[in-house]
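Trainee: Mind looking over this structure? Questions follow.
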Amino acid sequence: METRSIMIVGVGGQGTLLASRILGNTLLNEGYDVKISEVHGMSQRGGSVVTYVRYGSAVSAPIIDKGGADVILAFELLEAKRALPYLKEGGTILVNSQKIDPMPVIMGAAEYPGDIPEELRAHANVRMTDALSLARTAGNSKAVNVVLIGMLAKTTDIAREKWVQTIEQTVPAKFLDVNKKAFALGYEA
Amino acid sequence: MKKILLGNAAVARGAYEAGVNFVSSYPGTPSTEITEECAKFNEIYCEWAPNEKVAAEAAIGASIAGGRAMSCCKHVGLNVMADPVFTASYTGVNGGLVLAVADDPGMHSSQNEQDSRHYAVAAKILMLEPSDSGECKEFTKAAFRLSEEYDTPVFLRLTTRVAHSQSIVELSEPEPQKVRPYEKNAAKNVMVPANAIKRHVIVEDRMRKLSDFAENCPFNKTEDNGAKIGVIASGITYLYAKEALGNNANYLKLGMIHPLPEKLIRDFCKKQEIVYVLEELDPVIENHCKTLGVQVEGKNRFSFLGEYSVNGIRRVILHEETSAPETTANTPVRPPVMCPGCPHRGTFYVLKKLGLTVSGDIGCYTLGAAPPLSSIDTTVCMGASVSAAHGMIKVRGEEAAKKTVSVIGDSTFIHSGITGLINTVYNKGGGTVIILDNSITGMTGHQQNPTTGKTIRGEATKQVDLELLCKAVGIDHVRIADPFDVKTFEAVVKEECARPEPSVIIAQRPCALLKQVKYTGCCEITDKCRNCKVCLKAGCPAIAVKDGRPVIDASQCNGCGLCVNVCPFGAIEKKEDA
Ligand SMILES: Cc1ncc(C[n+]2csc(CCOP(=O)(O)OP(=O)(O)O)c2C)c(N)n1
């Protein structure tokens, strides 16, 4: 199978690492060759964070370059816009409608762009969801990451139970119920 | 069994499977997880050392005593560790000694972009470079074997993308740990001139043997695809090249990057119409080829700066452009910021307000250089805050001393700030050193250090008393203050700065991300607000202007209460959760 590339983008602290762990383990269980790459450290302090996930029969580079992503899973609207150049022609963007102001916007040195959904739609198949509200419905606003994994799962041909299995393997027991609900809400969104 | 592992975790796994006895390191992105992952194996003795020099020396001692030993650091950590390492090249080893060093092309979390391969050349030490997690594990195991076989320390070089990428690794059973016999051997281990002169002969002889080994090293592989283009690459650039060029190129993949082979390169290049050397940072392999008189393309076509990319390689070598959507220009940047509740915010709020010259250092608090706090004047390397302030003050005089402070984290102070402070006292300097004691090594992701009272595995141990330590080196005025109590903190800074002699303020408040820190509730701006916007000067990501007035975003606020103390009109209140 040809290598597929999924890029996960968000803001440090949003839990993108757990999302990529669930995704990676699911793909591994499916028998794919998988490579995941993310930069730890400085960028996690509320800055933009990016994770690359690539899978197929044999993956070379762990990084996705511009124009290379089949799917972008965006935890935040502005980060979706920033990641747009990494999308393949005709690719898909799954995006959380949540907005988090970056420091230049907070300080009034820049404005949060108003037309992001339109801009994304001009280049991509876009599915936008209010994952924060769904996470709250599931019982914890921190479960945004698993709501989004649910959305992503729906676009793949991997069986729903397989995803739930990896969530069971990956998430600590006391958060399992919330996360399973969050996954279901994302999957059905 | 197969597992998906981070490159760094795979290095740890390799060390475990090699039966490593001893690991001592100082954290540094992107190398930190190697040691953290080693600490998850109960069989391995692991520790955080106060700095890289101590860590490497401890590992050298462990190796001389017959254990397999490893020390891990980031590229700039190798500068700190260089002194013992150059001479360990002369003594060689007893138990295998592996030094894992992670470079950071593109400077994702570093202050420079140095290429550690130069150290392998300069110190005459064998260096291996893996491309993915599978190789991270295999090369680490081989590094211990080769270290013992050739009686040399071995460098394992990683770069950010290898250290921080995950790929599939086949796990094997570990070799049993053993401690080799130790015999006193002054001629080998006491590096006084008379002995070192003889050891240098052995080092040169070893380099010849290693050069021979490089010709047949199983990690140096050619791959003939019947193409006209040849590519020589190692590490991550090999994978970029495979991605970009596939079967349109033949490859010479170098897993052993010092010393480099001669015949292997000549033979490979002879068969190609054109050869590209793909290596990030400096032209180390390229220069080797040129020394051999082999013609290659390299830095004439590719950059010295930052990382290579798949599209870039495709563009230069195949002249193919990759099409990609463009985004409109108005995409505000999202730089990293201090977390909500970060204790450093209080300190920098005060320093900015007082308009002091701030000699900075490296840690989370380096973010105090960014707007709106914008308080830091210099940042060079770990420890430089204290010593550089001393130089500034000596040149600019006593008035400058009263306006100059150094800021340095607890881990960094122990790493190399304390020596600077001794210098200041000894040489009758001035200025105020503010130790930002947040009870943890924050920047690199929460490692214990000698000031926290806990070991790498969280066990209780003796804790350095910073106050006594500063007094012991001759600082007469040591104050402890809470940076969130901004009024008192400001008064303390003013008082200490006014003194002609050097002083220390320990700004004590734990990192907001530590488990034991439990801020609750959320801050709210009440109708007492006069819209002076002083609260914005704290640079908290939870406070933004909406419709001309500051508001607090409840989803970002953790209720730390700094803004309550900053507001001059008492207009911010803390509301506890219902
Ligand atoms: C020689 C060297 N080693 C390691 C690092 C990586 N590093 C940067 S800051 C830092 C420690 C920061 O801890 P601390 O001083 O306690 O400040 P904090 O981040 O907690 O505010 C480390 C290990 C480095 N930059 N240079």
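The values are calculated or read from the model by the stated rules, or taken from the named source; none is laboratory data. As the structure is a computational prediction, the values presented were derived from the model and not from experiment. Quick reminder, even Gly has a Cβ in these numbers, built from the backbone with ideal geometry, and neighbours come from all protein chains shown. Just so you know, the surface numbers come from the protein's heavy atoms only, side chains and all, with ligands and any DNA or RNA stripped out. Shrake-Rupley method; radii C 1.70, N 1.55, O 1.52, S 1.80 Å.
Listed here are the residues, each with its yes/no results for (1) on the phi < 0 side of the Ramachandran plot; (2) among the acidic types (Asp, Glu); (3) surrounded by fewer than 16 Cβ atoms within 10 Å (Cβ to Cβ).
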site: B:VAL294; (1), (2), (3): yes, no, no
site: B:LYS299; (1), (2), (3): yes, no, yes
site: B:GLU307; (1), (2), (3): yes, yes, no
site: B:VAL310; (1), (2), (3): yes, no, no
site: B:ILE313; (1), (2), (3): yes, no, no
site: B:VAL316; (1), (2), (3): yes, no, no
site: B:ALA324; (1), (2), (3): yes, no, no
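Trainee: Still on this model: Report yes if some residue within region B:203-219 is in a strand (DSSP E or B), under 30 Å from A:ASP65 (Cα atoms) and open to solvent by less than 60 Å² (accessible area, probe 1.4 Å); otherwise report no.
Mentor: no
Trainee: Also, I was wondering about something else. Of A:LEU84, A:LEU78, A:LEU17, A:LEU28, which residue is closer than 30 Å to B:GLY539 by Cβ, open to solvent by 30 Å² or more (accessible area, probe 1.4 Å) and not in a loop (DSSP other than H, G, I, E, B)?
Mentor: From the options A:LEU84, A:LEU78, A:LEU17, A:LEU28, the qualifying one is A:LEU17.
Trainee: Further question on the same structure: From the list B:ASN248, B:ASN330, exactly one residue is open to solvent by 30 Å² or more (accessible area, probe 1.4 Å), farther than 24 Å from B:ASP104 by Cα, in contact (Cβ under 8 Å) with a residue 60 or more places away in the chain and within 14 Å of another protein chain (Cβ to nearest Cβ). Which is it?
Mentor: On inspection, the qualifying residue turns out to be B:ASN248.
Trainee: Among the listed residues A:ALA135, A:ALA110, A:ALA122, identify the single one that is buried (at least 24 other Cβ atoms within 10 Å of the Cβ), within 13 Å of another protein chain (Cβ to nearest Cβ) and either free of Cβ contacts under 8 Å to residues at least 60 places away in the same chain or under 16 Å from the mean Cα position of the chain (by Cα) (or both).
Mentor: A:ALA135
Trainee: Checking the condition within 12 Å of the ligand (Cβ to nearest atom) and either modelled with pLDDT under 95 or not hydroxyl-bearing (Ser, Thr, Tyr) (or both), which residue from B:GLY346, B:GLY363 passes?
Mentor: B:GLY363
Conditions tested, residue by residue: (1) touching a Cys at 6+ places or on another chain (Cβ under 6 Å); (2) in the same structural domain as B:HIS118 (by TED's automatic domain parsing); (3) farther than 15 Å from B:GLY106 by Cβ; (4) of a type in the set (A, V, I, L, M, F, W, C).
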| site | (1), (2), (3), (4) |
| --- | --- |
| B:ILE274 | no, no, yes, yes |
| B:THR291 | no, no, yes, no |
| B:GLY306 | no, no, no, no |
| B:ALA324 | no, no, yes, yes |
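Trainee: Any residue in region B:427-454 that's without any contact (Cβ under 8 Å) to a residue 40 or more places away in the chain: show its pairings with residues that are of a type outside the set (A, V, I, L, M, F, W, C) at Cβ separation under 6 Å, as long as the two are six or more apart or on different chains.
Mentor: That search, which allows pairs on different chains as well, returns B:GLY453/B:GLN463; B:LYS454/B:GLN448.
Trainee: A:VAL34 fails exactly one of the following numbered conditions: (1) in a helix (DSSP H, G or I); (2) at the interface with another protein chain (Cβ under 7 Å from one of its Cβ atoms); (3) buried (at least 19 other Cβ atoms within 10 Å of the Cβ). What is the number of that condition?
Mentor: Of (1) in a helix (DSSP H, G or I); (2) at the interface with another protein chain (Cβ under 7 Å from one of its Cβ atoms); (3) buried (at least 19 other Cβ atoms within 10 Å of the Cβ), only one is false for A:VAL34: (1).
Trainee: Suppose we filter B:ILE408, B:ILE362 for residues that are in contact (Cβ under 8 Å) with a residue 40 or more places away in the chain, within 24 Å of the chain's Cα centre (by Cα) and open to solvent by 10 Å² or more (accessible area, probe 1.4 Å); which single one remains? Before the answer, list the steps.
Mentor: Values: B:ILE408 fails: open to solvent by 10 Å² or more (accessible area, probe 1.4 Å).
Matching residue, one of B:ILE408, B:ILE362: B:ILE362.
Trainee: Tell me, yes or no, whether region B:11-24 has at least one residue that is in contact with a strand residue (DSSP E or B) (Cβ under 8 Å, 6 or more places away or on another chain) and within 16 Å of B:GLN448 (Cβ to Cβ).
Mentor: yes
Trainee: Which one of B:ARG549, B:ARG479, B:ARG530, B:ARG509 is open to solvent by 60 Å² or more (accessible area, probe 1.4 Å) and either within 14 Å of another protein chain (Cβ to nearest Cβ) or under 29 Å from the mean Cα position of the chain (by Cα) (or both)?
Mentor: B:ARG549 is the lone residue from the list that is open to solvent by 60 Å² or more (accessible area, probe 1.4 Å) and either within 14 Å of another protein chain (Cβ to nearest Cβ) or under 29 Å from the mean Cα position of the chain (by Cα) (or both).
Trainee: Answer with yes or no whether B:VAL169 is assigned by TED's automatic domain parsing to the domain that holds B:ALA62, within 28 Å of B:SER309 (Cα to Cα) and in contact with a Pro (Cβ under 8 Å, 6 or more places away or on another chain).
Mentor: No.
Trainee: Any residue at all in region B:254-266 that is modelled with pLDDT of 95 or more, touching a His at 6+ places or on another chain (Cβ under 6 Å) and away from every other protein chain (no Cβ under 14 Å)?
Mentor: yes
Trainee: Can you name the residue in region A:87-100 that is out of contact with any helix residue (DSSP H, G or I) (no Cβ under 8 Å at 6 or more places or on another chain) and open to solvent by 40 Å² or more (accessible area, probe 1.4 Å) and, of all such residues, is farthest from the other protein chains (Cβ to nearest Cβ)?
Mentor: A:GLY90
Trainee: Can you tell me which residues in region A:46-75 are assigned to a strand (DSSP E or B), in contact (Cβ under 8 Å) with a residue 60 or more places away in the chain and more than 10 Å from chain B (Cβ to nearest Cβ)? Can you show your working first?
Mentor: The first filter runs over region A:46-75 and keeps only residues assigned to a strand (DSSP E or B), leaving A:48-56, A:69-74.
Then keep just the ones that are in contact (Cβ under 8 Å) with a residue 60 or more places away in the chain; that gives A:69-74.
The answer is A:ASP70, A:VAL71, A:ILE72, A:LEU73, A:ALA74.
Trainee: Something else now. Quickly run through region B:28-37 and pick out the residues that are within 12 Å of the ligand (Cβ to nearest atom) and either open to solvent by 10 Å² or more (accessible area, probe 1.4 Å) or free of Cβ contacts under 8 Å to residues at least 12 places away in the same chain (or both).
Mentor: Hit for region B:28-37 is B:THR29, nothing else.
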